[in-house]
Amino acid sequence: MKKSISGVTIELRQGDIANQGDCEAVVNAANAQLETGGGVAGAIHTAAGPELTSEARSMAPIKPGEAVITKAYNLPNQYVIHCLGPVYGQDKPEDRLLANCYSNALKLAEEKQISSIAFPAISTGIFGYPVEDAAKVAFTKFIESISSLKHLKNIIFVLYSEKDLNIHKRVLEQIL
Ligand code: AR6
């Protein structure tokens, strides 16, 4: 599914965030220490290799809502933007901290003049954020930010399961 708003495309696809060869940057759903882990962080660190882990570690720790950028090493991308999402029920207010992840990632992408970026559904795995609520936060932030984007033309949301893809499709239809 693709939607175009003011020259920026928001695309939803099912897949693996570590296998997005048509995007300049991919976003990692990181941990505070910027180490490898489960889920997205495990897939990204494994595919990128130990040099990613060592560059990322030098920038740790980060706080919920923050983002940092590294090279992508063995991934088929140029950059990885590492975002620490809130742990649902613990890091409050969760919606603001999650929105900060998206706005800080977009800011870093713009600074590097990146034209395409792929996001996973940050915080919706191990960190327990309900998928539908998280999708509303993400898409609201994208739409709010679109007028300030100069370089970014393609924002891709990569969902691991068909169920999560369908929830995101429904939320995007509702918001647009
Ligand atoms: N590609 C795309 N999406 C994925 C992939 C993948 N390869 N793997 C999982 N997902 P999570 P979080 C989905 O747990 O909730 C890590 O261990 C998954 O189904 O990766 O922000 C870190 O080290 C879910 O919808 O991130 C942190 O400690 C979404 O991506 C912690 O987990 C996010 O799941 C971060 O937790």
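The values are calculated or read from the model by the stated rules, or taken from the named source; none is laboratory data. Bear in mind that the values here come from a model prediction, so they are computed numbers and not experimental data. Cβ sites come from the backbone with ideal geometry, for glycine too, and all protein chains shown count toward neighbours. Just so you know, the surface numbers come from the protein's heavy atoms only, side chains and all, with ligands and any DNA or RNA stripped out. Shrake-Rupley method; radii C 1.70, N 1.55, O 1.52, S 1.80 Å.
If you go through the range 141-165 and pick out every residue that is within 14 Å of the chain's Cα centre (by Cα), part of a helix (DSSP H, G or I) and more than 22 Å from residue 90 (Cα to Cα), you end up with 1. Scan the range 126-141 for residues that are among the β-branched types (Val, Ile, Thr), open to solvent by less than 30 Å² (accessible area, probe 1.4 Å) and more than 21 Å from residue 38 (Cβ to Cβ) and the total you get is 1.
What residue, of 75, 12, 84, 34, is open to solvent by less than 40 Å² (accessible area, probe 1.4 Å) and at positive phi? Step through it out loud before you land on a result.
Numbers: 75 fails: at positive phi; 12 fails: at positive phi; 84 fails: at positive phi.
Exactly one of 75, 12, 84, 34 is open to solvent by less than 40 Å² (accessible area, probe 1.4 Å) and at positive phi, namely 34.
Of 131, 171, 137, all but one fail to be farther than 25 Å from residue 43 by Cα and of a type in the set (Val, Ile, Thr); the exception is 171. Of the residues making up the range 37-58, those that are among the hydroxyl-bearing types (Ser, Thr, Tyr), part of a loop (DSSP other than H, G, I, E, B) and either surrounded by 16 or more Cβ atoms within 10 Å (Cβ to Cβ) or touching a residue at least 40 places away in the same chain (Cβ under 8 Å) (or both) number 0.
Taking the criterion of being surrounded by fewer than 23 Cβ atoms within 10 Å (Cβ to Cβ), of a type in the set (S, T, N, Q) and on the phi < 0 side of the Ramachandran plot, the residues of the range 104-125 that qualify are 104, 115, 116.
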